[in-house]
Amino acid sequence: MLMTGPGGTGKTHVVRAVKEVMAHHNAAHQLRFLAPTGSAAALIDGMTIHKGLGIRIEKANKSGKGNRTIGEGEDLSVIMSVKNKSKLREEWKNVDVLFIDEVSLLSAQLLCEVDYTLRYTKEKPQDWFGGVTLIFSGDLCQYPPVGGTALWMPIASNKETRTISDKEIHKRLGRMAWKTVDTVIDFWEQYRMKDDPEYAEAVQRLRTRTCTLDDVDLFNSRVVRSLDHPDGVDMGNAHYADAAAIVDTNRLREDLNSRKAVTNSEVKNRMSIVNAAQISALLTGVNY
Ligand SMILES: Nc1ncnc2c1ncn2[C@@H]1O[C@H](COP(=O)(O)OP(=O)(O)OP(=O)(O)O)[C@@H](O)[C@H]1O
């Protein structure tokens, strides 16, 4: 099943609600919640797909460019990797349903690995996803996967070749796995921007790449104030106390969040306390 619709229509909200209902009925162990990235996983209190299914990030063939000749009885499993096999079987033995959120970030190649891993883990090699029911949630108009092929991308017709790269095999199998989705639920009611219908309509046009020049003016009128944009929106203004800002770096996000926390504590006449964390592990190649 696929639950889809524009951002802010409540897809993640439903995923969270299902989780709570199942926990209430002591059936939480039958469901797993995964997402392609750490941030998306955190929103549903889940794990990344790689962690939840023990999929190694590096490939057996690191370049992905090496060619394999198909039809020589070669087993696909040799180019896949599943670690801690018995641990994985134990962890997944009671799981019947897997939710994957932010599906636009899921590549065909990774879906192929999810399918293979579940077949192996559930010991049902003949069944798609090892017989586990997959519920995808997300919006395919949003960000595509990094370094992989989007699930909606059609596969080019077979060029009568017997030589095919690992990456291509994964892509084709992932696309076939995606094609097993037979139920689509469309979300359309806007919750996140319900108090700002003008903005919601412009965002909807941005989603379908049909923005007007007025939309561009509207977006530009909402740029946060900075040295580059001295006339921009002042997030410290009480009018914008509940406004969400979209930023392009984690650093800027942290900066805005801490300023907002200080403003909120001043408005509510509360003291703000900053706890500095000390990094004890040495991470090579990372600058702080
Ligand atoms: N049925 C609902 N009733 C009340 N509030 C809701 C409902 N559904 C969603 N919301 C609220 O609307 C906001 C957006 O919801 P949510 O994050 O689930 O949307 P989404 O479709 O997953 O968006 P995105 O595609 O950007 O991840 C959240 O603050 C959520 O709490």
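Would you please name the trypsin sites (Lys or Arg not before Pro) within the range 98-160 that are DSSP coil residues with at most 11 other C-beta atoms within 10 Å of their C-beta? When the trypsin sites (Lys or Arg not before Pro) of the range 98-160 are filtered for loop state and at most 11 Cβ neighbours within 10 Å, 159 remain. In terms of other Cβ atoms within 10 Å, 117, 163 run from fewest to most in the order 163, 117. Looking at the range 172-218, the pairs of alpha carbons with a distance over 14 Å make up 64% of the total. With the cut-off at 1.5 for a/c, could you classify the range 16-60 from its C-alpha gyration tensor as rounded, prolate or oblate? Oblate.
Given +1 at the Cβ of Lys and Arg, -1 at the Cβ of Asp and Glu and no other charges, the dipole of the chain around its Cα centre is 1120 debye to the nearest 20.
With Cα atoms as the point set, the chain shows a radius of gyration and Dmax of 22.6, 73 Å.
Remark: the range 45-51, residue by residue, has Karplus-estimated 3J(HN,Hα) of 6, x, 10, 6, 4, 4, 6 Hz, where x stands for each Gly or Pro and the curve is 6.51 cos²θ - 1.76 cosθ + 1.60 at θ = phi - 60°. At the listed q of 0.10, 0.14, 0.21 Å⁻¹, the Debye profile of the range 144-248, built from one uniform point per Cα, gives log10 I(q)/I(0) equal to -0.56, -0.82, -1.19.
Of the candidates 274, 184, 146, which one comes out as most mobile in a Gaussian network treatment of the chain with C-alpha springs shorter than 10 Å? Fluctuation is largest for 274. The order of 98, 173, 140, going from fewest to most other C-beta atoms within 10 Å of their C-beta, is 140, 173, 98. For residue 187, the residues whose amide H sits under 5 Å from its own are 4, 5, ignoring neighbours fewer than 5 places away on the same chain, with H placed 1.01 Å from N. Using C-alpha pairs below 8 Å separated by at least 6 residues, the relative contact order for the chain is 21 percent. Across the range 220-233, computed HN-Hα scalar couplings (Karplus, 6.51 cos²θ - 1.76 cosθ + 1.60, θ = phi - 60°) run 5, 6, 10, 6, 5, 5, 7, 4, 6, 10, x, 8, x, 5 Hz from first to last residue, x flagging Gly and Pro. Output the pairs from 93/122; 85/179; 11/179 with a Cα-Cα distance over 18 Å in this structure; if there are none, say none. Table pairs above 18 Å Cα-Cα are 85/179; 11/179.
Every number in this text was worked out from the coordinates using simple rules, so none of it is lab data. These figures come from a predicted structure and were not determined experimentally. Note: ideal-geometry Cβ built from the backbone for every residue, glycine included; neighbour counts use all protein chains shown.
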